[in-house]
């Protein structure tokens, strides 16, 4: 059999891609299609027959108070957590960039949570947040009133957000440091020659040139916050007190694995909603990031 | 911004020393920043590390003492650790995490780099469609896939309620690992890196009689070693710390991974903070040691992959 050189290379390419292709089709694409299909049914895995509901699951969502609470909470996690995380980590990165001594050590401290398991970290914080835990003890010794933290409906969501921000700082600091490294010194020198103050150098040089980094981190932060689950499951008792910390994904988990009979179709409908939200953000990101920056 | 451009040109034409003298911002003080900056950064750093110190401290406290607030245990003990190691399945969870995260990492490193290599260095019909298909998987959140994956595992009898032999472990590990054996992000990342390697290198090797697989294995892989290392670190950490899927798919206590195991201490024995802190310390320590040793490489890898994407 005679094959041209080009055709023989085609065959090699297909042979190398065979296993990855099978994987992506069966484990990533087909299940995504299945999730859409699932969301149209009343689905309990123990049943043999599953009732087709059309868009019934979606219209039920509109009247579900727990879903609305989970949606609101998830938005609040994004709204509180992402901006605070970005501002704090940028401040830390700017600080780390200026110091010459112990930089590696300080960076190590900030990055430490990121390499440890979120589950372990959540339990440590749950321990710190106890009514008679370390944080309340510190408050007490400083002469303040004790706080309810995770036990209070008003403070629980903020307490979870604090852990999320704390956990993500290290990653954001590293990316910001890399972004700052990419800004040529001549810009600062030029700005300083023009008599720019430190604030003006930050406002008119650092911030605009760091814009792609900020957008990148903001998008990652938003997407991760929309998917928030692990912290809540381990810090709180199943989204409590009184669903004040329940997120979308936690609600999906409860519907699918902690409810009898399991309501997986309904859960799948919520994951489709989540998918659409993430898709919108990704598309917005692509249009923002592909815009050219000129200075 | 025309002014910025002209001043940049001006800065270039002047002798550099003048510029530095004029703005005074490049003085090389050994501290670099003012003392209060160090103080602030150190205070922030304390906030990062105190929870871990508190974890260690609690883990060495005997049971009656764990609600006291001294950082140094008055009667330090290893009881919590021996309890975790002897009365729970922690050693088994540790092994489970190590095996599943290890195999997943090897699989991702191999298949993602192979696919990335082909998509960067070969021309064939359908290449663009395949690449877009793999990229599109990045838009689908894991949360949307876990229910179909779960049903798929149930239908294929991959879910084990109890573990009696090596076969059950194999099936159990498979069920934990199969969703993550490749990643669209990894393929994308490796393709980016392979594209920056000149084609001449491969053409020359072809003339020397290197096989097509040899091109990937002996020429391609060594030239993207930093990227592979970064991908491996991410994949391993991600799987070592993964929670949602292992939580859903592991029914048998012996099949749990460390994070899932820790999360079940609360329901099994009422929040047993002594056991939780000891096991959290045991789970955290290896990662922290590895991170302390490879800090430079890991941080460079994160910056590298973060910027490439």
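The values are calculated or read from the model by the stated rules, or taken from the named source; none is laboratory data. Everything numeric here is computed off the predicted structure, so don't read it as measured data. In this analysis, Cβ positions are derived from the backbone assuming ideal geometry, glycine residues included, and neighbour counts consider all displayed protein chains.
Take the range A:1-52 and flag every residue that is in contact with a strand residue (DSSP E or B) (Cβ under 9 Å, 6 or more places away or on another chain) and closer than 17 Å to residue B:131 by Cβ.
none
Which one is surrounded by the fewest Cβ atoms within 10 Å (Cβ to Cβ), of the residues in the range B:43-61 that are over 26 Å from the mean Cα position of the chain (by Cα) and part of a helix (DSSP H, G or I)? Before you say what the answer is, go through the steps one by one.
Within the range B:43-61, the subset over 26 Å from the mean Cα position of the chain (by Cα) is B:43, B:57-58, B:60-61.
In the following step, the residues that additionally are part of a helix (DSSP H, G or I) were identified as B:43, B:57-58.
Working: B:43: 9, B:57: 21, B:58: 26.
Per the stated criteria, the residue is B:43.
For the range A:174-185, name all the residues that are in contact with a helix residue (DSSP H, G or I) (Cβ under 7 Å, 6 or more places away or on another chain) and not in a loop (DSSP other than H, G, I, E, B).
If the condition is that a residue be in contact with a helix residue (DSSP H, G or I) (Cβ under 7 Å, 6 or more places away or on another chain) and not in a loop (DSSP other than H, G, I, E, B), then A:174, A:175, A:176, A:177, A:178, A:179, A:180 are the ones that fit.
Taking the criterion of being crowded, with 21+ Cβ neighbours inside 10 Å, part of a loop (DSSP other than H, G, I, E, B) and more than 8 Å from every other protein chain (Cβ to nearest Cβ), would at least one residue in the range B:75-88 satisfy it?
Yes - at least one qualifying residue is present in the range B:75-88.
Considering the range A:227-239 alone, what residues qualify as being more than 8 Å from chain B (Cβ to nearest Cβ) and closer than 22 Å to residue A:275 by Cβ?
Within the range A:227-239, A:228, A:231, A:232, A:239 qualify.
Among the residues of the range B:139-155, are any assigned to a helix (DSSP H, G or I), at pLDDT 90 or above, more than 12 Å from chain A (Cβ to nearest Cβ) and crowded, with 21+ Cβ neighbours inside 10 Å?
There is no residue in the range B:139-155 that is assigned to a helix (DSSP H, G or I), at pLDDT 90 or above, more than 12 Å from chain A (Cβ to nearest Cβ) and crowded, with 21+ Cβ neighbours inside 10 Å.
Do the conditions hold for residue A:157, that is, is it over 30 Å from residue B:297 (Cα atoms), more than 12 Å from chain B (Cβ to nearest Cβ), without any contact (Cβ under 8 Å) to a residue 60 or more places away in the chain and within 18 Å of the chain's Cα centre (by Cα)?
For residue A:157, the condition - over 30 Å from residue B:297 (Cα atoms), more than 12 Å from chain B (Cβ to nearest Cβ), without any contact (Cβ under 8 Å) to a residue 60 or more places away in the chain and within 18 Å of the chain's Cα centre (by Cα) - is not met.
For residue A:102, only one of the following conditions fails: (1) more than 7 Å from every other protein chain (Cβ to nearest Cβ); (2) at pLDDT 90 or above. What is its number?
All conditions pass for residue A:102, except number (2).
Residues that are in a helix (DSSP H, G or I), within 12 Å of another protein chain (Cβ to nearest Cβ), free of Cβ contacts under 8 Å to residues at least 60 places away in the same chain and buried (at least 22 other Cβ atoms within 10 Å of the Cβ): does the range B:107-114 have at least one?
Checking the range B:107-114: not a single residue is in a helix (DSSP H, G or I), within 12 Å of another protein chain (Cβ to nearest Cβ), free of Cβ contacts under 8 Å to residues at least 60 places away in the same chain and buried (at least 22 other Cβ atoms within 10 Å of the Cβ).
Taking residue A:36 as meeting all but one of (1) touching a residue at least 24 places away in the same chain (Cβ under 8 Å); (2) crowded, with 17+ Cβ neighbours inside 10 Å; (3) closer than 18 Å to residue B:144 by Cβ, write down the number of the exception.
Among (1) touching a residue at least 24 places away in the same chain (Cβ under 8 Å); (2) crowded, with 17+ Cβ neighbours inside 10 Å; (3) closer than 18 Å to residue B:144 by Cβ, residue A:36 violates only (2).
Could you please find all residues in the range B:253-304 being touching a helix residue (DSSP H, G or I) at 6+ places or on another chain (Cβ under 9 Å) and outside any helix (DSSP H, G or I)?
Result: B:256, B:257, B:271, B:272, B:294.
Considering only the range B:57-70, state which residues are more than 10 Å from chain A (Cβ to nearest Cβ) and touching a helix residue (DSSP H, G or I) at 6+ places or on another chain (Cβ under 7 Å). Spell out the reasoning first.
First, pick out the residues of the range B:57-70 that are more than 10 Å from chain A (Cβ to nearest Cβ): B:59-65, B:70.
B:59, B:62, B:63 - these are the residues of the range B:57-70 that are more than 10 Å from chain A (Cβ to nearest Cβ) and touching a helix residue (DSSP H, G or I) at 6+ places or on another chain (Cβ under 7 Å).
Out of A:69, A:28, A:8, A:53, I need the residue that is surrounded by 13 or more Cβ atoms within 10 Å (Cβ to Cβ) and modelled with pLDDT under 95. Which one?
One residue alone meets the criteria, A:53.
Identify, please: which residue in the range B:265-287 is within 23 Å of the chain's Cα centre (by Cα) and surrounded by fewer than 18 Cβ atoms within 10 Å (Cβ to Cβ) and is, among those, modelled with the highest pLDDT?
Applying the filter and picking the extreme gives B:285.
Which residues, counting only those in the range B:120-134, are part of a helix (DSSP H, G or I) and exposed (fewer than 15 other Cβ atoms within 10 Å of the Cβ)?
B:128, B:129, B:132, listed by residue number.
The conditions are (1) surrounded by fewer than 21 Cβ atoms within 10 Å (Cβ to Cβ); (2) more than 7 Å from chain A (Cβ to nearest Cβ); (3) not in a loop (DSSP other than H, G, I, E, B), and residue B:163 fails exactly one of them. Which is it?
Only one criterion is unmet by residue B:163, namely (3).
Working only within the range A:111-150, note down all residues that are facing another protein chain (nearest Cβ under 8 Å) and not in a helix (DSSP H, G or I).
Residues satisfying the conditions are A:116, A:117, A:132.
Could you tell me whether any residue of the range A:263-273 is free of Cβ contacts under 8 Å to residues at least 60 places away in the same chain and surrounded by fewer than 17 Cβ atoms within 10 Å (Cβ to Cβ)? Full working, then the answer.
Let us first name the residues in the range A:263-273 that are free of Cβ contacts under 8 Å to residues at least 60 places away in the same chain, namely A:267.
With the extra rule that they be surrounded by fewer than 17 Cβ atoms within 10 Å (Cβ to Cβ), the set shrinks to none.
Scanning the range A:263-273 turns up no residue that is free of Cβ contacts under 8 Å to residues at least 60 places away in the same chain and surrounded by fewer than 17 Cβ atoms within 10 Å (Cβ to Cβ).
Among the residues of the range A:7-45, how many are at the interface with chain B (Cβ under 10 Å from one of its Cβ atoms) and part of a loop (DSSP other than H, G, I, E, B)?
3
Quick check, is residue B:237 within 10 Å of chain A (Cβ to nearest Cβ), within 30 Å of residue B:190 (Cβ to Cβ) and assigned to a helix (DSSP H, G or I)?
Considered against the rule, which asks whether it is within 10 Å of chain A (Cβ to nearest Cβ), within 30 Å of residue B:190 (Cβ to Cβ) and assigned to a helix (DSSP H, G or I), residue B:237 comes out as yes.
Could you tell me whether any residue of the range B:16-35 is at pLDDT 75 or above, surrounded by 11 or more Cβ atoms within 10 Å (Cβ to Cβ) and closer than 23 Å to residue A:205 by Cβ?
yes
Taking the options B:231, B:181, B:221, B:189, name whichever one is within 9 Å of chain A (Cβ to nearest Cβ), in contact with a helix residue (DSSP H, G or I) (Cβ under 9 Å, 6 or more places away or on another chain) and surrounded by 16 or more Cβ atoms within 10 Å (Cβ to Cβ).
Within the list B:231, B:181, B:221, B:189, the selection yields B:181.
Please find, among B:173, B:169, the residue that is at pLDDT below 95, more than 14 Å from chain A (Cβ to nearest Cβ), within 27 Å of the chain's Cα centre (by Cα) and part of a helix (DSSP H, G or I).
B:169
I'd like the full set of residues that are within 15 Å of residue B:263 (Cα to Cα) and modelled with pLDDT under 95, limited to the range A:235-263.
A:235, A:236, A:237, A:238, A:239
Among the residues of the range A:223-239 satisfying the criterion of being in a helix (DSSP H, G or I) and surrounded by fewer than 20 Cβ atoms within 10 Å (Cβ to Cβ), which is farthest from the chain's Cα centre (by Cα)?
Filtering the range A:223-239 for residues that are in a helix (DSSP H, G or I) and surrounded by fewer than 20 Cβ atoms within 10 Å (Cβ to Cβ), the one farthest from the chain's Cα centre (by Cα) comes out as A:223.
Any idea how many residues of the range A:186-204 are at the interface with chain B (Cβ under 8 Å from one of its Cβ atoms) and either surrounded by 19 or more Cβ atoms within 10 Å (Cβ to Cβ) or part of a helix (DSSP H, G or I) (or both)?
8
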